[in-house]
Amino acid sequence: MSPIIRVDVGWVLQIQSALAPLNIPINDWGALGFMAQRHQFERERGNLYYEQVSARAATFLHTALLLRPFADYNLVIGWGCTSQYMNVSGQPVRAKDGDLYELAGAVRAQEADLRDVAQHLESWTSA
């Protein structure tokens with residue numbers, strides 16, 4: 001199994017402050033908390049449900065796009081978290097803007113699920 005990196009709301013907010021304009025309001029603190037915690041979900045104690053790095057990283061983008069915890073820039077922040085998570089896990093990704101926008105549109109339209117996002121991440125892995 002890949003290395004397990006665990007992050008929290010503070011980490012998401014650090015990425016938000018680095019990538020988005022200042023003073024982007026948080027629309028839903030519960031959605032933000034879920035965005036930060038989803039990658040750590042354990043179906044059984046001690047066993048991560050999302051075993052692959054790509055699946056754990058995909059939770060950030062998928063959750064940001066569907067639950068929209070921020071008033072704006074959810075794609076930018078969600079992608080920043082996803083990309084950074086993949087990077088610190090030793091699997092950096094590089095996506096073309098058009099491919100990312102197409103995936104984001106499919107997720108927002110609920111035509112792509114978490115597995116689809118994870119598969120795209122795996123195909124975009126540059127290492």
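The values are calculated or read from the model by the stated rules, or taken from the named source; none is laboratory data. Computed from a prediction, not measured in an experiment: that's the story for all the values here. Please note: Cβ atoms are built from the backbone with ideal geometry, for glycine as well, and neighbour counts cover all protein chains shown. Areas reflect the complete protein model, heavy atoms only, side chains present, ligands, DNA and RNA absent. Shrake-Rupley method; radii C 1.70, N 1.55, O 1.52, S 1.80 Å.
Taking amide H atoms as placed 1.01 Å from N in the peptide plane, list the residues 5 or more away in sequence, or in a different chain, whose amide H sits under 5 Å from that of V93.
N87, S126
Tell me, what is the per residue accessible area of the chain in Å², probe radius 1.4 Å?
Numbers: 7060 Å² over 127 residues.
Accessible surface, normalised per residue, equals 56 Å².
Name the residues whose placed amide hydrogens come within less than 5 Å of the amide hydrogen of F70, ignoring near sequence neighbours (fewer than 5 apart) on the same chain.
Close amide H contacts, sequence-distant or interchain: N27.
Please turn the phi angles of region 57-65 into ³J(HN,Hα) values with the Karplus equation 6.51 cos²θ - 1.76 cosθ + 1.60 (θ = phi - 60°), one per residue in order, whole Hz, x for glycine and proline.
Rounded to whole hertz, the list is 5, 4, 4, 5, 5, 4, 5, 4, 6.
How far apart, in nanometres, would the label points at V88 and D8 be if each is projected 7 angstrom from Cα along the Cα-to-Cβ direction?
The answer from the label model is 1.2 nm.
May I have the pair-distance distribution P(r) for region 32-100, computed from all Cα-Cα distances with 10 Å bins from 0 and rounded to whole percent?
Cα pair-distance distribution for region 32-100, in percent: 21, 50, 26, 3.
Under 5 Å between amide hydrogens, which residues at least 5 positions from A112 or on another chain qualify, with H placed 1.01 Å from N in the peptide plane?
V107
Could you grab the relative contact order for region 39-82? Cα pairs under 8 Å, six or more apart, rounded to a whole percent. Show your work: numbers first, answer last.
On the way: 41 pairs, mean separation 14.5, N = 44.
About 33 percent, as a whole number.
For region 10-27, what does the Karplus curve 6.51 cos²θ - 1.76 cosθ + 1.60, with θ = phi - 60°, yield as ³J(HN,Hα) per residue in whole Hz, taken in order and with x for Gly and Pro?
For region 10-27, the Karplus curve yields x, 5, 4, 5, 5, 5, 4, 5, 7, 10, 9, x, 4, 6, 6, x, 8, 6 Hz.
How large is log10 I(q)/I(0) at q = 0.12 Å⁻¹ when the Debye formula is applied to the Cα atoms of region 62-127, each weighted equally and without solvent?
Relative scattering, expressed as log10 I(q)/I(0), comes to -0.27.
When 1/r is averaged over all different Cα pairs and the result inverted, which Kirkwood radius in Å belongs to the chain? If you can, show how the numbers build up before the last one.
Working: mean 1/r = 0.0692 Å⁻¹.
Averaging 1/r across every pair of different Cα atoms and inverting gives 14.5 Å.
Sort the following peptides by mean Cβ neighbour count (other Cβ atoms within 10 Å, averaged over residues), highest first: 49-57, 67-75.
Numbers: 49-57: 20.8, 67-75: 18.9.
The most tightly packed comes first, giving 49-57, 67-75.
Among A112, G78, G10, whose Cα sits farthest toward the positive end of the charge dipole of the chain (+1 at Cβ of Lys/Arg, -1 at Cβ of Asp/Glu, about the Cα centre)?
It is G10, whose Cα lies furthest towards the positive end.
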